[in-house]
């Protein structure tokens, strides 16, 4: 039931090949109320296929990775359909891009290649991420081992923290890391681990791991297919301290490959399967989720599936266009929306905006024209209410300069604007896959105002907290759910503070000369 056609060095179709999904990406027709602006167009020398999405850092800039491009190449990278082995970059909100690091800079790609997921900014101010291949154990063919966990400083100095070896520790980490409230990082590998039974079909079913900032890795769980396999996205830590994620394959339904799961895992490694997809007739609940979950302000988790849904007839040749869903922490799933191609196809990750609505992108579908190379639509940006009412904000189109096929999740900057990326476009002669371009970075204004965000979003009394915002210079007061806190204004985009005694879970507010800024999600005070 998966799409299996390929396009380029981003992601054009989802495939089970070698147990790794490659999403290939490629511009646009906007609705009157929305303003989409292309900030940067990649040309391969500075990267290609920015599939992981962006994050806002404490310095006020945005950071991300490209899966391909850059000055270094290797046969292993071209085996993933990329020219160049990928980069780490910084881009200002106005669009000035700086390449911080180019992968495969070391012999035999000991520093890794093809970073597919987003970065995460650690509490130490450095950035952490993963590569699908390469590392110190890069002595195998494409898709059968390797991958790294790395740290990179804001100035671009990279340290490889861990190299996977295709053994019990797993290999091919594709999703982003998350820093837990204990200061360690948590992630999943796409394959490796157990190769018993059905796991042999996937080169291993993958693992969940914990890694310290210094690089000590602990395998928390090894998937066995019945509880999932082929996890492609990172984890999210819930307010209860447990981690939640999704697997693309495995689970209780549709043997032999399985159609995906949602799972919960404790920091100690106890995993519980919360839901197996295709539990409804004709897979109306969706199948094969490839994007990370998020926790909404209501405490429930929200996500998407790449295929399935109740529009199978419309999207019959591809098994449905996917769904958006809500799932409670205990595992009760509600399908909020089934995509019908005109409003999207293969939706990626969601982000909850400051208006309470969910915003996201779809790799394909929409009303844009993609011509002969891709007749499946060029992708969309959409808004969805918590009850599932969906509005298409933008349909990408091959005929203009904004790019096509957005893969990574959107990020809402504290200035209120959304930022995202496309994996392809605009079309360029002689540059990137079949002249379809190397991808773009774009901004989308949806009319939302500025706010503040806390890093981390949960902590104990006395714990240090970074507060990100816009125009914070001159701030005179910080409160955690009404309790005043001591603070220091570091810059116009950063305040440092600590959770004050007596604080309880609730909104963080910052009083500035221009008004009061509120946190986008409640700060959770842990016992």
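Nothing in this text is a laboratory measurement; each read-out follows from the coordinates by a stated rule. Worth saying up front: this structure is predicted, and the values here are computed from it rather than measured. Cβ sites come from the backbone with ideal geometry, for glycine too, and all protein chains shown count toward neighbours.
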Checklist entry - Can you sort 40, 402 so the residue with the fewest Cβ neighbours within 10 Å comes first? => result 40, 402
Next on the checklist: Can you give me the Rg/Rh ratio for the stretch 275-353, using Cα atoms for both radii and the Kirkwood formula for Rh?
Outcome noted: 0.96
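Using Cα pairs under 8 angstrom and six or more residues apart, how large is the relative contact order of the stretch 338-441, in percent?
Over the stretch 338-441, the number comes to 20 percent.
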Next on the checklist: Per-residue counts of other Cβ atoms within 10 Å, averaged by peptide: what ranking do you get for 507-517, 301-311, highest first?
Outcome noted: 301-311, 507-517
Next on the checklist: Sequence gap at least 6, Cα distance under 8 Å: using those rules, report the relative contact order of the stretch 453-525 to the nearest whole percent.
Outcome noted: 36
Checklist entry - With each run of n ≥ 4 DSSP H residues scored as -39500 (n - 2.57), what mean residue ellipticity at 222 nm is computed for the chain after dividing by its residue count and rounding to the nearest 500 deg cm²/dmol? => result 0 deg cm²/dmol
Checklist outcome for this item: Once both label points are put 7 Å beyond Cα along the C-beta direction, the residue 387-residue 281 separation in nm becomes 2.6
Checklist outcome for this item: Here the gain from full extension of residue 35 to residue 330, 0.36 nm per residue of separation minus their alpha-carbon distance, amounts to 102.3 nm
Item to check | Within the stretch 493-527, backbone nitrogen closer than 11 Å to the virtual label 7 Å beyond the Cα of residue 473 toward Cβ | outcome: 493
Checklist entry - Please state the relative contact order of the stretch 222-298 as a whole percent: Cα pairs under 8 Å, 6+ residues apart? => result 29
Checklist outcome for this item: In the list (1) 1.44; (2) 1.00; (3) 0.94, the entry giving Rg/Rh (Cα atoms, Kirkwood Rh) computed from the coordinates is (3)
